[in-house]
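Novice: Below are the structure tokens for one structure; questions will follow.
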Amino acid sequence: KKSRIVSGKEQGRTTLVPPVWTRDGKTLIFGRDDNGNEQYELLQLELGSGSVKTINTPEGQNWPIEVSPDDQWLTFNNVSKQSQMNLWIASLETGECRQLTKFDKPVHGGWWHPSGEWIVFPANDTDNMENADCYRIKPTGEGLEKFFSMHLGSQELGFGFDEAGEKMVIASNASDYW
């Protein structure tokens, strides 16, 4: 198979932030850390033209998670000196961002339901530091809901849906089974 280099200096010093594809496969979203301080900004690289566009992410570490089913939005996690890691959303058209969650403990991930109506993620709203439950929220920031928890202290991590959106993979240490 043929390969080609599609990025240059816009990639920055490190590639610790895994890139994310748009669903149509035309754009790659990646983090850039120019100063070696792990404060990643997010960029869009359009593979056909090679053009690079900045997503107006907040200060801090920004980790891309997943592009929406309609290729219009990106979920990402942000952690900064001012706040805990939480879930954010960015418009891939305008680059503008807004915060969806404000948990006191880290939010990890943000995966889209195939309908685009919900974003799921694990988080902890308890004093038990071992706990992680599955939540969902609408892309508007409304409808935050805990939808799966085995028991206090267990860790439930939702990872994604089947194509129809009827089944979801949830890993839990409550039973050591998927």
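Novice: Considering only protein heavy atoms, what per residue accessible area in square angstrom results for the chain with a 1.4 angstrom probe?
Specialist: 57
Novice: Could I ask something else about it? Express the relative contact order of the chain as a whole percentage, based on alpha carbon pairs under 8 Å and six or more residues apart in sequence.
Specialist: 11
Novice: Nothing charged except the Cβ atoms of Lys and Arg (+1) and of Asp and Glu (-1): what's the magnitude of the dipole of the stretch 88-178 about its Cα centre? Round to the nearest 20 debye.
Specialist: About 140 debye.
Novice: Dipole of the chain, Cα-centred, from +1 at each Lys and Arg C-beta and -1 at each Asp and Glu C-beta, to the nearest 20 debye?
Specialist: 680
Novice: Let me ask something else. Could you work out, for the chain, what percent of all Cα-Cα pairs fall into each 10 Å distance bin, beginning at 0 Å and stopping at the bin that holds the largest distance?
Specialist: Whole-percent P(r) values from 0 Å outward: 10, 36, 34, 17, 4, 0.
Novice: Relative to the present Cα-Cα distance, how much length would full extension add between residue 47 and residue 94 at 0.36 nm per residue of separation?
Specialist: 15.1 nm
Novice: Then there's this: Whole number please: convex hull volume per residue, Cα atoms of the stretch 13-84, in Å³. Walk me through the numbers before you get to the answer.
Specialist: Details: hull volume 6.4 nm³, N = 72.
That works out to 89 Å³ per residue.
Novice: Let me ask another. Have a look at 103, 89, 54 and report the one farthest towards the positive end of the charge dipole of the stretch 40-135, computed about the Cα centre with Cβ charges (Lys/Arg +1, Asp/Glu -1).
Specialist: It is 54.
Novice: Can you give me the long-range amide H partners of residue 85? Hydrogens built in the peptide plane at 1.01 Å from N, cutoff under 5 Å, separation of 5 or more residues or another chain.
Specialist: 107
Novice: Continuing with this model, one more query. In whole Hz, with x marking every Gly and Pro, tabulate ³J(HN,Hα) for the stretch 127-134 from phi via Karplus 6.51 cos²θ - 1.76 cosθ + 1.60, θ = phi - 60°.
Specialist: Result, ordered by residue: 7, 7, 5, 7, 7, 8, 10, 8 Hz.
Novice: With θ taken as phi - 60° and the coefficients 6.51, -1.76 and 1.60, list the Karplus ³J(HN,Hα) couplings across the stretch 145-161 in order, rounded to whole Hz; mark glycine and proline as x.
Specialist: Values per residue, Gly and Pro as x: 8, 7, 10, 8, 7, 6, 6, 4, x, 8, 10, 10, 10, x, 10, x, 10 Hz.
Novice: Packing-wise, with mean Cβ within 10 Å as the measure, how do 107-118, 158-169 rank, highest first?
Specialist: On the way: 107-118: 18.1, 158-169: 13.0.
Order by mean packing, descending: 107-118, 158-169.
Novice: Give me the percent of accessible area attributable to carbon and sulfur for the stretch 45-106, probe 1.4 angstrom. Can you show the working numbers first?
Specialist: Details: 1380 of 2980 Å².
About 46 percent, which is the carbon plus sulfur part of the accessible surface.
Novice: Report, by chain and number, residues whose modeled amide H sits under 5 Å from the one on residue 73, excluding near sequence neighbours (fewer than 5 apart, same chain).
Specialist: Here 68, 92 satisfy the definition.
The values are calculated or read from the model by the stated rules, or taken from the named source; none is laboratory data. Because the structure is predicted, anything quoted here is derived from the model rather than measured. Virtual Cβ from ideal backbone geometry, glycine too; neighbours counted across all protein chains shown. Quick note on the areas: whole protein, heavy atoms, side chains included, nothing else; ligands and nucleic acids left out. Shrake-Rupley method; radii C 1.70, N 1.55, O 1.52, S 1.80 Å.
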